[in-house]
Amino acid sequence: MSVKGKNSMVVNLMFLVLCLTSVVAQKTTSGSITYTINLAPELIKSISKTNNPNTRAILKNSKEVSYALNFNSKSSTYQKNESLYNESKQKLNLVATGAGGTGIFYYNTEDNALLKQLTIGGDTFLITQNAKKWKLLNTSKKIGKYNCYKATLLNNNNKETKVTAWYTLDIPLAYGPKDYNGLPGIILELYEGKFFFKASKIELSNKDKIIEKPVDGLNLTQEEFNNRFKGFFDEK
């Protein structure tokens, strides 16, 4: 076979691989991702240096938790993983609070609806949240078998924040943990200042998973909710 013929064969094989990869991505319509959440290493290092016994007790109780993201091609829900969540309700676990608490986060890509269902003191609220804005960066890395790209969250003034996400185009669905959605691919790692989210288990399917939209609760915007509970969540 001539050199020209061999080169042509290589090009054709590469094209076939790309096509097959694209087909696999397009067939991924449903799935679930288990996230393990921990305190960020920098925060652990900072707290471990303190001599305050209360602070050290909080650090001791703030253990790894697990949350589940379930999704289909149109919507997703994110909430604590009941089968793996064994924290005592009597202890303050900063990780559980930062991971999402007992809230249910819902996102719909068709109408860009972003909701959080939360129960406080026996009252249930359905909070309409604002969409996230991202800056996509030309930085990549491998997470397991997935090619991932970096993005930085922008604030209301379009300034970069300390929240960074690693998403993969191998699963081209705009979902992530909590209310972090809207990227070109699913988020596999998220650094949220004090907390670190990492996808520890990924299950994909070609069959459409049923995703239920939360409907119970008093409807509030995020601003209305913040005003209603202003100071309620401040540290005492």
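What follows draws every value from the coordinates through simple rules; no lab data is involved. Keep in mind that what you see is a predicted model, and the values were worked out from it rather than measured. Cβ: placed from backbone, ideal geometry, glycine included. Neighbour counts: every protein chain shown.
Net charge around Trp134, counting only other residues with Cβ within less than 12 Å of its Cβ (Lys, Arg = +1; Asp, Glu = -1)?
+3
Could you give the C-alpha radius of gyration of the range 176-236 expressed as a fraction of 2.2 N^0.38 Å, taking N as the number of residues it contains?
Ratio of Rg to 2.2 N^0.38 Å for the range 176-236: 1.57.
Over the range 111-173, what number does the Rg to Rh ratio reach, with both radii from the alpha-carbon atoms and Rh per Kirkwood?
Using Cα coordinates only, the ratio equals 1.11.
Compute the orientation-averaged projected area for the range 41-174 from the convex hull of its Cα atoms and round it to one decimal in nm².
Dividing the Cα hull surface by four gives the mean projection, 11.1 nm².
Debye sum, Cα scatterers, the range 124-236, no solvent: what log₁₀ I/I(0) at q = 0.12, 0.14, 0.17 1/Å?
Once normalised to I(0) and log-transformed, intensities are -0.55, -0.73, -0.99.
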